[in-house]
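For reference, the structure discussed in these notes is given below.
The values are calculated or read from the model by the stated rules, or taken from the named source; none is laboratory data. From a predicted model like this one, the values you see are computed outputs, not experimental measurements. So basically every Cβ, Gly included, is an ideal-geometry build from the backbone, and we count neighbours across all protein chains shown.
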Number of protein chains: 2
Amino acid sequence: MTQQDRAHATREAILHAAAQEFDRLGYERTSLTAVLARAGLTKGAFYFHFPSKEAVADALVERQTELWAQVRESWRLRGVDPLSALHGMFAESADRMAADVVLRAGVRLNADREVGYPGVPSTHLMWEKLVATYVIEAAERGDLRPGVDPEAVARTLCSAALGSRLISSATTECADFPSRIREVLGHVLPCITAPAWELSGSQSASEPA
Amino acid sequence: MTQQDRAHATREAILHAAAQEFDRLGYERTSLTAVLARAGLTKGAFYFHFPSKEAVADALVERQTELWAQVRESWRLRGVDPLSALHGMFAESADRMAADVVLRAGVRLNADREVGYPGVPSTHLMWEKLVATYVIEAAERGDLRPGVDPEAVARTLCSAALGSRLISSATTECADFPSRIREVLGHVLPCITAPAWELSGSQSASEPA
């Protein structure tokens, strides 16, 4: 292992240990001491990589932001219709979060920055807007039932995804998030889609892309 | 005003001021100093009524618990079918929360005790179980579409209600919670109900019972 490899491994170990604490306890109740104990590292080793707890949280938030961009791009490249892409992205997100505490912590940290901090521009509204673009495109293709409001659909899906994540996180460390998100999609999509619409693309729970 | 009336008014003023802070900031970031400043009271007046910040939070949680019991009972007395009662209770809850910061704070405090505190028996699972009893009863009456899983429906509705409340709270102090919850119900119920099922009972947004 080169020195660079070792530095990279230490940085990843810090991120992983911090993610485990943030995921369980949230930002405010996570202590640097607990993170160091979990990673088996000294304060010196930590501060070589990150100036503060906040900097680790920022790195985790940034990593999830990058991942969502990749997930969106991978579904764009599959060329499926917008609602199938939306279904695929929600399901894949849940699969990845159930499997990866680093991602899960980043998502929690990002969302916690909003909820209960009035006046902060909301990540949730940003997600609703993004989801709405897919549903609007579906409407333009004739994939929606007449009279369905695309923005209302986006609000319902984003709310249900947020609530599912929180309940799943509090009760099963997100282990049942994949099945919960698929239940939500199964309860909403048949209601809003035109009879001819069919789900396409790989949607298997065991096959996150 | 008798002394008893004045004591009652002070206690309510404390609950209201504390609710405003808890609703905005959550339990941990709410300071007693801010609550006293908001209520225009001294520490002495506060401690006459409550031994601690925790005791005020407990009173707010208890108040919302009592209210939900009343709401359930009032819908039981209307004698509508279980899914109409469920619709009515979700809508009425949102209406009441949008209008009443004391209730909203109690709900937030109660839910915050769960999310992110692993191992605490979950209020969310308790709500899911309660909602499921209505959906199961609907299934037994033939109000559900064949193949619909009542417990999955309960999970979807509770998730969407939680997410709606959090997003609405973070962005509009719950002002749009009534419309958000009705959107959720409108996107889920037609999907899961038998074609013959129809909503009954008063469901008006302007008419919380």
Candidate set: the stretch B:137-152, residues that are in a helix (DSSP H, G or I) and surrounded by fewer than 16 Cβ atoms within 10 Å (Cβ to Cβ); chosen: the one farthest from the other protein chains (Cβ to nearest Cβ): B:140
Restricting the stretch A:11-59 to residues that are outside any helix (DSSP H, G or I) and not small (Gly, Ala, Ser), the residue that is nearest to residue A:165 (Cα to Cα): A:30
Check on residue B:120, loosely packed, with under 15 Cβ neighbours inside 10 Å, β-branched (Val, Ile, Thr) and either closer than 30 Å to residue A:24 by Cβ or at pLDDT 95 or above (or both): yes
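What are the residues in the stretch A:153-197 that are among the polar types (S, T, N, Q), within 18 Å of residue B:186 (Cβ to Cβ) and within 7 Å of chain B (Cβ to nearest Cβ), if any?
Start the filter on the stretch A:153-197 by keeping residues that are among the polar types (S, T, N, Q), which leaves A:156, A:159, A:164, A:168-169, A:171-172, A:179, A:193.
Subsequent filtering for residues that are within 18 Å of residue B:186 (Cβ to Cβ) retains A:156, A:159, A:193.
Selection gives A:156, A:159.
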Count of the stretch B:61-82 residues which are out of contact with any Lys or Arg (no Cβ under 9 Å at 6 or more places or on another chain), part of a helix (DSSP H, G or I) and touching a residue at least 40 places away in the same chain (Cβ under 8 Å): 6
Among the candidates A:76, A:72, A:63, A:96, residue that is closer than 30 Å to residue A:138 by Cα, away from chain B (no Cβ under 14 Å) and touching a Pro at 6+ places or on another chain (Cβ under 6 Å): A:96
Neighbours by Cβ (under 6 Å, 6+ apart or cross-chain): first from the stretch B:1-21, under 12 Å from residue B:35 (Cα atoms); second not in a helix (DSSP H, G or I): B:21/B:30
Answer from A:33, A:2, A:65, A:10 - the residue that is hydroxyl-bearing (Ser, Thr, Tyr) and within 25 Å of residue A:182 (Cα to Cα): A:65
Failed item in (1) at pLDDT below 95; (2) out of contact with any Leu (no Cβ under 9 Å at 6 or more places or on another chain); (3) among the β-branched types (Val, Ile, Thr), with residue A:167 passing the rest: (2)
Any pair with Cβ under 6 angstrom, 6 or more apart, that starts in the stretch B:149-174 at a residue that is at positive phi and ends at one that is in a helix (DSSP H, G or I): B:174/B:97; B:174/B:98; B:174/B:104; B:174/B:168
Hits in the stretch B:126-136 - residues which are over 17 Å from the mean Cα position of the chain (by Cα) and within 12 Å of chain A (Cβ to nearest Cβ): B:135
